[in-house]
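Shown next, in structure tokens, is the structure this report addresses.
The values are calculated or read from the model by the stated rules, or taken from the named source; none is laboratory data. Predicted model, so just to flag it, every value in this text is computed and none were measured. Every residue, glycine as well, gets a Cβ built from its backbone with ideal geometry; the counts of neighbours run over all protein chains shown.
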Amino acid sequence: MTLHLHDSAAGAVREFAPLVPGQVGIYVCGATPQGSPHLGHVRAQVAFDVLRRWLTRSGYAVTMVRNVTDIDDKILTKAAEAGTEWWAHAYRFEREFGAAYDALGVLPATVEPRATGHVTEMVELIGRLIERGHAYAAGDGSGDVYFDVRSWPHYGELTHQKLDDMEPAGDADPRGKRDARDFALWKGRKDGEPATASWPTPWGPGRPGWHLECSAMAGRYLGPRFDIHGGGLDLRFPHHENEQAQSRAAGDGFANYWLHNYFVTMSGEKMSKSLGNVLGVPHLLATHRAVVLRYYLVAGHYRTHLEYSENSLVEAEAAYSRLEGFVRRAAERLGRTAVANVSAGFAAAMDDDMATPAALAVLHDTARAGNSALAAGDDAALESAYEQVRAGLDVLGLDPFAEPWASQAGGTDTARTALDVLVRARLDDRATARAARDFATADAVRDSLKDAGIVIEDTPTGARWVLEGEH
């Protein structure tokens, strides 16, 4: 089976065929750093990080572009409320987003452009649209420039909407528009706005519209036509619809596939700042392992809503610990062998529109078989299971021996080594008691360890221990 992906524009799963054999270009909408990142923000980046890893494992050279929208109405408003410069406000939270991505094992983008660094490309794109009759400067002297939606007969094709059924665009003063649905390409500077938040253009000083930014940056780094554009479901309209319209109206082919991840919800509602149900990533990382948070995000299919509860992270901890425990026990027996190829079952799941729940089910089944092989002393079967589980975890960004988890586990490994010395001393006492047929003492040792959360496993090669939840 070859890779198939759900294309939002087609409304169906399509076989993936890159524009250039062996190469894939991906553009993913990144942070608008008006505040701290929450779980909903990072879900998109984890989902597309998994796609990138799978494409790389499948032999493609991947160029990943993830933008930063560092100039925006909300950034200006939030900065003013905080009494700080807008650019300092944006940079502060841009660093928080970056720290969250790093903590959750999201690979660095090939390039992470900021909107403020690409105004030249944006002005050039507006010029092309005006020249082709798809954009116009407002006649009121405001400096605003709009995209003329009625000039583009394909407007609405991404989200399958009719123009007359759409709500008016709320991103600029409607008085300068020909149609209420026309959206802003450029926003002329208004009274009270900081001078540093505007750039000179033929239409007057101002700043870019949100939608224009991504079209210009995607074109700068991926060219006029590229393979995949991704982002959260909430961006389909108006953001992605407008991106596609302005880019194609300017003569660019733009994205060949559109992928959208669904929301993280609480009590059935989308996680957002406006609802007040935000769970900040730094807060969650203070009480949960980052790798468990990533497991939780990966365990749900990217095209399903992921309902959050505290119990869901408890369940994720238990599930990941079972895989982690198997990998560590097998590595202790075999040594850390190189990551091999994934199993056919895992590959089939990932090729089926990145079906990560099915892929994880394959890994859990393989780990159970590996545990049985470990208990039976079947090293050949153990090695096969171990390599397949590690290879799959590597694709999902969950391999406990890979970065950043290997570094983060440094302190844990030190503590585990010390615990191992103490537990083995007790296991020696138990072995001595059993040899003397003093089963009461042997059982007492086993029970005292169990009360401490340590489970004893008797194998053909001797007793070994695991923490409760790892077996």
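Before moving on, here are some points about what is shown:
- Residue in the stretch 86-96 that is among the aliphatic types (A, V, I, L, M), under 25 Å from Gln34 (Cβ atoms) and in contact with a Lys or Arg (Cβ under 6 Å, 6 or more places away or on another chain) present: no
- Any hit, the stretch 182-200, residues being of a type outside the set (S, T, N, Q), surrounded by 21 or more Cβ atoms within 10 Å (Cβ to Cβ), modelled with pLDDT of 95 or more and more than 18 Å from His118 (Cα to Cα): yes
- Test: residue in the stretch 316-335 that is free of Cβ contacts under 8 Å to residues at least 12 places away in the same chain and β-branched (Val, Ile, Thr): no
- Scanning the stretch 135-164 for residues that are farther than 17 Å from Pro202 by Cα and in contact (Cβ under 8 Å) with a residue 40 or more places away in the chain turns up Val149, Ser151, Trp152, His154, Tyr155, Gly156, Glu157, Leu158, Thr159, His160, Gln161.
- Helices (runs of 4 or more DSSP H) within the stretch 207-306 that include 3 or more residues farther than 22 Å from Asp171 by Cβ, β-branched (Val, Ile, Thr) and within 19 Å of the chain's Cα centre (by Cα): 290-299
- Residue among Val292, Val281, Val298 that alone is modelled with pLDDT under 95 and surrounded by 20 or more Cβ atoms within 10 Å (Cβ to Cβ): Val281
- Top-ranked residue of the stretch 122-168 - restricted to ones that are among the β-branched types (Val, Ile, Thr) and under 30 Å from Asp191 (Cβ atoms), ranked as surrounded by the fewest Cβ atoms within 10 Å (Cβ to Cβ): Ile130
- Number of residues in the stretch 32-73 that are modelled with pLDDT under 95 and charged (D, E, K, R): the value is 2.
- Cβ-Cβ contacts under 6 Å between residues 6 or more apart (or on different chains), taken from a first residue in the stretch 1-30 that is under 17 Å from Trp54 (Cα atoms) to a second residue that is of a type in the set (Gly, Ala, Ser), are listed as Met1/Ala348; Gln23/Ala61; Tyr27/Ala218; Val28/Gly230.
Yes/no per residue for (1) charged (D, E, K, R); (2) part of a loop (DSSP other than H, G, I, E, B); (3) out of contact with any Phe, Trp or Tyr (no Cβ under 8 Å at 6 or more places or on another chain):
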| residue | (1), (2), (3) |
| --- | --- |
| Asp140 | yes, yes, yes |
| Gly143 | no, yes, no |
| Tyr155 | no, yes, yes |
| His160 | no, yes, yes |
| Asp164 | yes, no, yes |
| Asp171 | yes, yes, no |
| Arg181 | yes, yes, yes |
| Glu193 | yes, yes, yes |
| Pro202 | no, yes, yes |
